[in-house]
Amino acid sequence: MRNESSGGVELGGAEEQYALLMECVSDYAIFLMDVEGRVAAWNVGAERIFGYSEDEALGMPFARFFLPEDVEQGHPEKELGAAIEHGRATDDRWHVRKDGTRMWVNGITTALRDGDGDLRGFAKVTRDRTEHRKADEGLRERERAYRALADSIPAIVFTAGPDGECDYCNQRWLDYTGLPFEQTRGAGWRLVVHPADLGALDAAWAEANRTGERFECEYRLRRADGAYRWFQGRSLPMKDEQGRAVKWFGNASDIDDQKQTEEALREAERRTNEFLATLAHELRNPLAPIRNAVEVMRLQGRSDAQAEWPGEVIERQVQHLARLVDDLLDVSRIAQGKIRLETKPVELAPVVAAAVEACRPLLDARKQELTVSLAPALRVTADPTRLAQVVGNLVNNAAKYTPEGGHVWLTAEGGRGEAVLRVRDDGIGISAEALPRVFDLFLQAEPGLQHAQGGLGIGLTLVKRLVELHGGTVEAHSGGPGQGSEFLVRLPCLAEAPPAPEEKVPRVGALIRSRRVLVVDDNVDAAVSLAMLLRLASHEVHVAHDGATALQAAHAFRPDVVLLDIGLPGGMTGLDLAPRLRQVPGLERVLLAALTGYGQEEDRRRALEAGFDVHLLKPADLDVLHALLAE
């Protein structure tokens, strides 16, 4: 420090009070000024920051450190004037070093007065904040870039605290909602959320804050014109050192068009399923009297060749058509996830035998040889009915695409914890182009007279989906056209164990007790043929074709069993009639069997809820029907 003897301005005792402090502080520029703003004392920090030595700085007007434009605007004088008026003045602005470079300083100027209150000069403390200023400018620049980016995004972008109060939203939000940010700030955004969606949104937000994990929720937002649209909201948290979410960064994307598309697809699927159910019902209705008539002919002893052959053809084609209807509906059910397997440990041999028996009429009609080779005691966990359906569809497929007199091989072997079932034929084969798509729905062989057995193209699709439901895989192989084909089904294999005994179902010829049966069906042929078949089995039968007539007959006939069609005319369906039959005195425990062409899972559920004891599909399996009457 210098005093008057070295060219400085004498400030009396104040200089002694500041001397020690000024000399030991080097991070701050500390200097004293006289009442006119000339430098009177200069510390090492001021020399380091401004670049002037003490000799150069003493007596220099402090306005020398300001930018020329600030000097022209009188900022040095304003700073001293503010210090005189208020005791001190703060200022953050650009200053100039000796070498001409600029620096951003944070300064405090204090007016110095003596004991009488007279102004004696000024003290100024400044600090070089250039790097901080650059960091702040970089941060502001990044924030401007972030906001520009956020405003350019078509989605809504926002930030919010853990309490859900919004502190930023992009231009997309303002444009979509028509709300100013002042109204959106805090919890104002809730004004445009559909009231029905607020509960789910709040619950999802609370759970995300509890776990600190990603927030995701779908909700509707009101547009400026009052219309609501669906949005998908997602947010990620910024966490503190304790792992608590302290700020959320989120976006909301318009998914309304996607929602409408999904709804349209669901509606189309619903209509398709309704159509398939109606189609199945309409197809099964004529199948029932045809099968009944064939069975009546058989029971009546029509054994001459001219009657026997047509009967066999009719029965075979009825079975084929019934399988097609079932396959078509099964594909629909699997697509909707409505098929539930009833799995248990089963031996493969009886399952294959049941499937082969069902396929035998087609193989015989085409004069084809089937060779079956099964490894002993192969056991799998499966739904035996569905697994037999898989085997049957593969054998039927091989028979359809193999010329008359051809050969089909069915083998099953075990190893490495799996059962491998192979169905091979020497038929028309599969082209390399069609092979990757052979399991696609409705895919058929190439059209042509030689491939007239093509079918609907649903059997292999059903095979693949049923095998996958069992946890297995299916493959198709072929050397090409004319070289036959082979299908491999792989299923997890169980250890050997004796198979559980299977229940035997009595056939028509079994000894059964005579029952009083009321048949209710608006299809006259179906009702009459079924009644004739039951009478041949020694049952007493009464027929009705509508609900009102059936109700009257129930009072007079007093049936043990009612075989009741669900789709009845006259305003009283089978679902309506069933509980009313239960109310007839003496018929509280009558056996009610729904005999219908409607076979969806929902149809079964509704039938049981209406009071039916059992749900049978047309055309009814005669063995099952007679077993039911025998119980």
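The values are calculated or read from the model by the stated rules, or taken from the named source; none is laboratory data. What you see is a predicted model, and the numbers here were worked out from it, not measured in a lab. No Cβ is skipped: glycine too gets one built from the backbone with ideal geometry, and neighbour counts run over all protein chains shown. These area figures cover heavy atoms from the full protein model, side chains too; ligands, DNA and RNA do not enter into them. Shrake-Rupley method; radii C 1.70, N 1.55, O 1.52, S 1.80 Å.
Below are the figures for this structure:
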read-out: Residues satisfying the stated conditions in the stretch 370-390, i.e. part of a strand (DSSP E or B), farther than 19 Å from LEU460 by Cβ and within 32 Å of the chain's Cα centre (by Cα); value: VAL380, THR381
read-out: Residue within the stretch 183-195 that is among the hydrophobic types (A, V, I, L, M, F, W, C), closer than 24 Å to ALA227 by Cα and touching a residue at least 40 places away in the same chain (Cβ under 8 Å) present; value: no
read-out: Pairs with Cβ under 7 Å, 6+ apart, first in the stretch 489-500 and open to solvent by 80 Å² or more (accessible area, probe 1.4 Å), second modelled with pLDDT of 55 or more and outside any loop (DSSP other than H, G, I, E, B); value: GLU496/ARG379
read-out: Residue in the stretch 413-426 that is most open to solvent (accessible area, probe 1.4 Å), counting only those that are part of a strand (DSSP E or B) and among the basic types (Lys, Arg); value: ARG424
read-out: Check on ALA224, of a type outside the set (Asp, Glu), assigned to a helix (DSSP H, G or I) and either modelled with pLDDT of 70 or more or under 37 Å from the mean Cα position of the chain (by Cα) (or both); value: no
read-out: Selection within the stretch 231-280 - of a type in the set (Asp, Glu) and either farther than 30 Å from ILE458 by Cβ or open to solvent by less than 80 Å² (accessible area, probe 1.4 Å) (or both); value: ASP240, GLU241, ASP254, ASP256, ASP257, GLU262, GLU267, GLU269
read-out: Single residue of the stretch 126-184 satisfying the filter (of a type in the set (Lys, Arg) and either in a helix (DSSP H, G or I) or touching a Gly at 6+ places or on another chain (Cβ under 9 Å) (or both)) that is surrounded by the most Cβ atoms within 10 Å (Cβ to Cβ); value: ARG172
read-out: Filter result (without any contact (Cβ under 8 Å) to a residue 12 or more places away in the chain and under 15 Å from LEU563 (Cβ atoms)) within the stretch 510-544; value: ARG535
read-out: Out of VAL105, VAL96, sole residue that is open to solvent by less than 40 Å² (accessible area, probe 1.4 Å) and touching a Pro at 6+ places or on another chain (Cβ under 9 Å); value: VAL96
read-out: Residue under evaluation ARG513, criteria (1) under 26 Å from PHE275 (Cβ atoms); (2) part of a loop (DSSP other than H, G, I, E, B); (3) among the charged types (D, E, K, R), criterion not met; value: (1)
read-out: Selection within the stretch 391-412 - open to solvent by 20 Å² or more (accessible area, probe 1.4 Å) and either outside any helix (DSSP H, G or I) or in contact with a Lys or Arg (Cβ under 7 Å, 6 or more places away or on another chain) (or both); value: TYR401, PRO403, GLU404, GLY405, HIS407, TRP409, THR411
read-out: Hits in the stretch 516-529 (condition: open to solvent by 10 Å² or more (accessible area, probe 1.4 Å) and under 15 Å from LEU628 (Cα atoms)); value: ARG516
read-out: Residues of the stretch 108-125 satisfying the condition of being part of a loop (DSSP other than H, G, I, E, B), in contact with a Gly (Cβ under 9 Å, 6 or more places away or on another chain) and open to solvent by less than 40 Å² (accessible area, probe 1.4 Å); value: none
read-out: Some residue of the stretch 76-93 being within 60 Å of the chain's Cα centre (by Cα) and buried (at least 16 other Cβ atoms within 10 Å of the Cβ); value: yes
read-out: In the stretch 428-452, residue farthest from ARG366 (Cα to Cα) [restricted to those that are among the small types (Gly, Ala, Ser) and modelled with pLDDT of 55 or more]; value: ALA432
read-out: Selection status of GLY59, over 24 Å from ASP136 (Cβ atoms), open to solvent by less than 50 Å² (accessible area, probe 1.4 Å) and not hydrophobic (A, V, I, L, M, F, W, C); value: yes
read-out: Members of the stretch 154-166 found to be of a type in the set (D, E, K, R) and either modelled with pLDDT under 90 or in contact with a Cys (Cβ under 7 Å, 6 or more places away or on another chain) (or both), listed by number; value: none
read-out: Candidate set: the stretch 184-201, residues that are farther than 12 Å from ASP167 by Cβ and of a type in the set (D, E, K, R); chosen: the one modelled with the highest pLDDT; value: ASP197
read-out: Any hit, the stretch 522-538, residues being acidic (Asp, Glu), farther than 28 Å from PRO384 by Cα, in contact with a His (Cβ under 7 Å, 6 or more places away or on another chain) and at pLDDT 85 or above; value: yes
read-out: Odd one out for GLY429 among (1) surrounded by fewer than 14 Cβ atoms within 10 Å (Cβ to Cβ); (2) at positive phi; value: (1)
read-out: Residues of the stretch 28-56 that turn out to be open to solvent by 40 Å² or more (accessible area, probe 1.4 Å) and acidic (Asp, Glu), as a count; value: 4
read-out: Residue in the stretch 530-540 that is open to solvent by 60 Å² or more (accessible area, probe 1.4 Å), out of contact with any strand residue (DSSP E or B) (no Cβ under 9 Å at 6 or more places or on another chain) and of a type in the set (Ser, Thr, Tyr) present; value: yes
